[in-house]
Every structure is written in C-alpha cells, then in structure tokens.
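Working notes, beginning with the structure itself.
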Amino acid sequence: MPCLTHNDVVTPSFNASAVQQFQNTLPHALDDFQLEAIEHIASGASVVVCAPTGAGKTVIAEFAAHQAIDKGVKLFYTTPLKALSNQKYHDFKKLYGDDNVGMLTGDLSVNRHGRIVVMTTEVYRNMLYGIAADSDLLDGVGYVVLDECHYMNDAQRGTVWEESIIYCPRHVQIIALSATVSNAKLLTRWIDHVHRKTMLVESDFRPVPLRFSYWTQGEHLLPLFEAPGRMNKKLKLEGIGHVGLNKGRHKPKGSKADKKAPAGKFRVIPMLEALHERNMLPAIMFAFSRADCDRYLRETGNLSFLSTADKLRLKHEVDSFLEQNPVINNHPLLPYIRNGFASHHAGLLPALKMLVEHLFQQGLIRAVFATETLAAGINMPARTTVITAISKRTDSGHRMLTASEFLQMSGRAGRRGMDETGYVVVVYSAYESAQDAAMLASSPANALSSQFTPTYGMVLNLLQQHSLDEAQFLIRKSFGQFTAAERAKPYLDELAAKRKELEACIEFDCPVELERGDFRRYLKIEMMHKLGHKHKHTLHDQLDKFGKLEGNERALATAIKTQNDEINTLKRQMQDHPCHRCKVLHKHRRAEEKIHKLKRQVHGLEEEAHRQENQYWLDFYSLYKLLAATGYVDKTTHKPTAWGQLTAQLRTENEWFLGEVIQSGIWEGLPQAALAGFVCALVNDSNRKIDERLRALHPSPELRGVLREGFRLQRRASLKQADFGIETPVIFSVQACGLVESWAQGLDWAELMAFGALAEGDTVRLVRRTADVLRQLAYTPGVPDKLAETAKWAHDAIYRDPVTEVEMTPPTAT
C-alpha cells in the first residue's frame, strides 16, 4: 500500500548512452514520438504515450524492460486481457530469454521472480492492496507498464486502472500506453499530481496510413472520401447509405454472386471476392454478435483463397496444435479454419481462439469474423478491417459506435513492414447512412472519463492500514475527483446565477415599513384562508353524497359550521393586517413566491454541486457505514474486525455478501460438488437469455435446499444495502448451478456440451469464475476449516481440461 506522503523522487540525469545502446538493438530507427518517450523514461520521469493503434508504442515498453534488466530492477507489464498477457509473455521471452521473463494470472504463476513479469492489471492492483499471494514481488519494482490504458473508460473494469495509479509506489516509473484520447493532457496532469513527474507524448503518426471505403447495397467497393475530410459525392446521392449501382459490369470480375443482394441483407462472399481480387486480404471482419460471426463463417462454405503451399503449412500448424490440445480435435469450426477462415469471440473455447490467433499471425487465415474484443490490443493486425455495422445493441438499446470504438477497430488495419496502406471498409446499413460512416471516420477520439468505484474490498483494505481521514484523502486522489470541478462547473455557474437573482428579489421597499416576517405571516394567513375554503367544499361534497346515511348528516353539518367559523376568523385577521390594503401587495406576493422558488432551486443546486464534488467519498462512506453496522468494521477504531480482515482478502463482485454467506453457515453439510454449484450462483452475472435446455441439468436435492436459503440471504442483503443507499449488485443466479455441479461430479465435457445449454466459451468462463472463488475459500486465512477443505476438493474437481488455464506454446512452423 502506498504511503500518504512521499519523499521527493530523485530524478536521474538523462542517460544518452542507454538510449543509443537500445537503438542499436533495433532493426529500424526510432520514430520521433518513440524517441521522445524513451528520453523521458531515461531521465527518470513517468510517461503517458497516446498514439494510434499500430504506431509502435510497445517499443517504448521494451526500452523500459531493457533498462530494468540493465539496472537490476523489475518491470511489471500489465494488460487488460489474459490473452494479451500470454502474447506479451511470449514476445518478451523471445527478446530477453526465458530466465528473465515471468507471467502471473489468477491461475498461473511462471517464473514469478523474473526481471520482467507480465500480468493483468487486476493482478497488479491486488498486489498493491496486499490481497494477492504475490504482493511480496513489489519489492524491487522500478517500472510498471499500463498497456491499453484507455481501458479506464470501461464501465466494469475502468476503476482498476485508476486504483493502480493512485496506489503505485512513488519511486516506480509508470509507462501508460494508450490509444488516442482527446483529454490526454488532463490524464497526464492527474498522474503528475497523484504520483510523480509525468510527461505526455502524443502522436497522430501511423506507420501505415489508412484508406477508407464503403461497401454499398449494390455490392460495390467505393472510396468513402474523395479528398481528406470530403465525402465521396457518389455516396451522398443516397440518403440511406447505399448506392444503386447494380449493373453487371460494375461487379468484380469472376464473381460467383450474380444475383442482386436482398435489400438490407449483407452477403459475405461477394465482399471477400472483391477484397481478394484487390489484394486486400487478410481481413478482420468485425460484427457485434457471436451469432453474426458464426453465420458469416458458415457462408464461406468451401471457399478458399490459400495457395497449395499455404494449405500444407496450415495443415501442419493445425495438426501440431491439435496434438497439444486434443479437446478441439472434432470441433465443427475446424473445416472452415483449414480453408483459411475463422470466427473469434467469447463463446469459443480458449484453445480454439489461441489457434485462430496463431494462424492469423502466420498469415494462414485470410479472414476472421470477430467481435469487437479483438480490437482490444491482441497482436492480430490485418491488411483490411471490415466494420459490418456502425451501431450496436447495448443493455440500454441500440446506439451508434463512439469515435474511439471505431478508431480501435480501424487501427487493426495495416501491418508495419508488410503493408504500404491499411484498408478500412464500412458496410452499408438501412439504418445508418454513408454520411454517418464518414462522420465517424473523421471524428476525433473520445475523452477518457473516470469509472472509479469504491467497493467493500477497497474500504476494508484501506482501513487496515489507514485512518478514516487518510482513506478520505486517498479517495480524493482519483481521476474522477480530479475532474470533479469540471463536472460540478455547470451546477456552480447556475448556482451563482440563482443566488444573484435571489439577492435582487429580496431587495424591495415596503410602503408601511413592515418587517419581512410580518408580510410572510400575512401570506401564511392568506394561504390558510384558501385551504379553509377548499376543505369546506370537500365537506359539502361529502354531505351531498353521504349525508342521508345515519349519523353522517349531523356530523358533517357540525364540521361545516366549525370550518366556516375558522374561515371567518382568518378573513378578519387578513382584513386587519396592513398588507391587505397595500397597493403593491400583488407585486410583493409574486416577489415572495419567486424568492421561495429560488431558495428551493439554490438548495437543490448546492446539494448537487456537493454531491458532484464529493461523490466518491460519499459512496465510500456509505459502504463504510454498512460494514460498521454489520460488524465488519469497529465503530470506535474504524479498523476492520477479524471478520472484516477475512473479507478484505476476498475478491468478488460483492465481498460483503460473500462474507455474509460464509458467516451464515448455510454451506455446512454440503457435498463438495454441491458447494461448487452453490458458488456458481454467487458469480453468474451473465444477462444472456438462459436456454431451456440448461434446466435439464437439475441441481441435487441438497443443493436446491441451500439455494432457497441463498435467495433469502440475497433478499436480506439487498434490503440492507438499500437502507444505506448502496447499489452494488447482490448476485445470486441459480440457472447454471446444476451445470457446474454436474461438471464437479465428473460429467465429461462432451456430455456437458451435448445439452447445448451454454456456449463453450461461456461455460469455461463461468467455471473459471467459480473456481476462482473456491480457491479463495480454500486458501484464505480465517475461512472455517470445514468450508476450506470442501472448497479445495470442489476447486480441484471443476478445474480440469478444458477449463484449466495452462501456458500453451504455439507450434513452430516448418
């Protein structure tokens, strides 16, 4: 954990020889932005490097690795994805040798004491909190690379990047590598403010320039722009994005697609033929659903653009890989892969995705149909990227792609050293026009925004080492807090205007020089007089409707007489008041009403401005209050109790709820396989529609009984959180419990998949998340012995091929 105050960091003088020595190891001269960043690192500063995808930012990290080995310190290289970590691990091993390079994931530890250790950003963040088994590795770290730093924008995981920067030891140099963002200066100022001297290096340089095209409804490939920033006039002719050029002479020579495409129906084969004819393959074709990726792949049928030599190379690579990974031996997508086409998405087995990635890097896959996760940094550059839609479905409905999303996908086009130009093709749509595509292609990147989110684990871990005041100081160091002034500015501006307007209203002269309180008393009497009349009318209505009922008429008549007396009394009080006859009464009444309204508005704006400026601390403090109320934090010392210390070591979506489950004891007596099924309910946050076939994998009777108790715990936890205004999800989803229990009982993978309940990739992800929590329960100090023992057995039962995450070395080409 970081200290609250830091000694000044000694900045070494610029080491020109180190830069030159590194330059001598490269096959080409450094680009200007690379040299600038490297010189800053050599001078001891941290750097933020913002440059387009494919510009060569990794070279800057390689210099830091070179320095780490030279100086005898360590470099941590963090990435957002395990697949990217695996790729970087192999890349660094080639550069620096097996002995110098290690890798850490939640499941795998390879050469953990190496000079260069690759890991996901979550692993590094957990080290900083002291909740990772590898926290001791922080000693001797001199550099931390935060690759794909623009992931700070990710709604689910962005907070991890902020926490990693806030709690990073001050002596460590940060190398933050990001795709282009519009507020890079603000990000750099923030890191400089909370960490250490940080320099910004920006570049719009692309070694391989991009050329944008549009695939029309008539199945023609036309330039999107006729000049920089000027859209092709031919595309402007049609308002819905297509161009009606359907004459045969315009089609690619030798095309097998002689029929006109159905309206609104995109066909893959004509596009692939057009790209092949123009020497624009290999291509990544981005779609926004797994079903579309697989549908496009199936359309390729027996199509193949591979030469005989490439087919032989591909056969060798695939056969060698299958020997290492027999689980995919009979996978239905293998025939397409052998033809040079593949899909890539989260529904596929990890081993199959690794094979696709390797083959694509070897140039043996001519087109891969992928979801946008492939744009996240995995080294799979193509000559062409095809964006099949510029809008996508989200949890809140359809929306257009952001400029940054479009740039990320576009950036996969163009391979440095292989292509002179990268090609980006946007496919027509009946819903978005070519103008929309041109606008996206010419728009600047979006700004980074804070996704910092206090969690129960954060509260407990901070309070173990810091006071409540010190924790507040650390929370206020977030990027979100740093930018809070900008978010609060509209409210503060409006607040100042309303206050000025209020001051002007308050100043008015009274002809009879009454105190303001006297005038307000008159207005109160007037209001009560009006309400009295209203109530009298109500009583009369009741008399008309119910007066004939026995006893009602007399009671209502008495109430009306009493109300009349009150009205007359109020009327006399009004008439006796000096304001009643005042010539400016109407004017003053309107002014007072306006004052009352403005005061309400001022109060609301003050509260909103306060909330904006203190949002993160208020969220943190709400979590703290619940933890204190439920016995996880001592209310006097503000330190975690024994139960709080246990819960601080857990890593889930809602650590407090898991602590409540452990405390409840409902797991006692559960068989090992049933415990695996129960834990699955705590981690299954999928919002995908559950197939009815999943229900065929029934939970055992023992598990069903505990699941009912789990639902009761979930309801109580949700109500408790609501009392404290906390919106952290309380996950308890039972649909897949029977599936995981069956897998733990020894069901074969092929038998499990035969139910067709979940995609293979989704099943692997769910089982891995279950295994992660079981591993924590098995090895976290303080967990009851019986639960730990059962959890260890359950973990070992479900963590087996093909779920096991092992280091898989791609085959070597002959």
At a 1.4 Å probe, what is the % contribution of carbon and sulfur to the accessible area of the stretch 514-624?
-> 53
Quick one: ranking R206, R765, R416 by accessible area, 1.4 Å probe, largest first, what do you get?
-> R765, R416, R206
Once all protein chains are kept in place, S449 shows an accessible area at probe 1.4 Å, nearest 10 Å², of 60
If you compute volume of the Cα convex hull per residue in Å³ for the structure shown, which of [x] 268; [y] 172; [z] 301 do you land on?
-> [x]
Under 23 Å from K625, Cα to Cα: lysines that are on another chain or at least 8 residues apart = K477, K635, K639, K720
Amide H neighbours of V118 at under 5 Å, excluding residues fewer than 5 places away on the same chain, with H built from the backbone geometry, are Y77, G102, M103, L104
For the chain, what is the mean residue ellipticity at 222 nm derived from helices alone (per DSSP H run of n ≥ 4: -39500 (n - 2.57); sum divided by total residues; nearest 500 deg cm²/dmol)?
-> -15500 deg cm²/dmol
What's the center-to-center distance, using Cα atoms, between the stretch 397-428 and the stretch 130-186 in Å?
-> 26
Considering only protein heavy atoms, what is the solvent-accessible area of M400 at a probe of 1.4 Å, reported in Å² to the nearest 10?
-> 70
Per-peptide average of other Cβ atoms within 10 Å, ordering 310-319, 453-462 highest first = 453-462, 310-319
For V425, distant residues with modelled amide H under 5 Å away = S213, T385, V386, I387
What are the ³J(HN,Hα) values, in whole Hz, obtained from phi via the Karplus relation 6.51 cos²θ - 1.76 cosθ + 1.60 with θ = phi - 60°, for each residue of the stretch 423-431 in sequence order, with x given for Gly and Pro?
-> 10, 10, 10, 9, 8, 4, 8, 6, 10
Fully extended, how many nm does the chain gain between Q23 and E372 (0.36 nm per residue separation, minus their Cα-Cα distance)?
-> 122.2 nm
Please give every one of the lysines within straight-line cross-link reach of K599, meaning a C-alpha to C-alpha distance under 24 Å, and leave out same-chain neighbours fewer than 8 residues apart.
-> K489, K498, K500, K524, K530, K587
What nm value, rounded to one decimal, do you get for the distance between D91 and R581 when each label is placed 7 Å out toward the C-beta?
-> 9.1
Provide the FRET efficiency to the nearest 0.05 for the Y779-E323 pair, computing r from the beta carbons and using R0 = 41 Å.
-> 0.75
Ordering 723-732, 61-70, 226-235, 183-192 by per-residue average of other C-beta atoms within 10 angstrom, highest first, gives 61-70, 183-192, 723-732, 226-235
Protection-proxy order for peptides 327-337, 741-751, each taking the mean of Cβ atoms within 10 Å per residue, highest first | 741-751, 327-337
Solvent-accessible area per residue for the chain (1.4 angstrom probe, square angstrom) | 46
Per residue of the stretch 39-56, in order, report the coupling 6.51 cos²θ - 1.76 cosθ + 1.60 (Karplus, θ = phi - 60°) as ³J(HN,Hα) in whole Hz, putting x for Gly and Pro.
-> 5, 5, 5, 5, 8, x, 8, 7, 9, 10, 10, 10, 8, x, 4, x, 7, x
Computed accessible area, W617, all protein chains, 1.4 angstrom probe, square angstrom | 30
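The values are calculated or read from the model by the stated rules, or taken from the named source; none is laboratory data. Note that the structure is a prediction, hence the values are computed from the model and not measured. Note that we place each Cβ from the backbone using ideal geometry, even for glycine, and neighbour counts take in every protein chain shown. When the accessible area is computed, the model is the full protein with side chains, heavy atoms only, and any ligands, DNA or RNA have been set aside. Shrake-Rupley method; radii C 1.70, N 1.55, O 1.52, S 1.80 Å.
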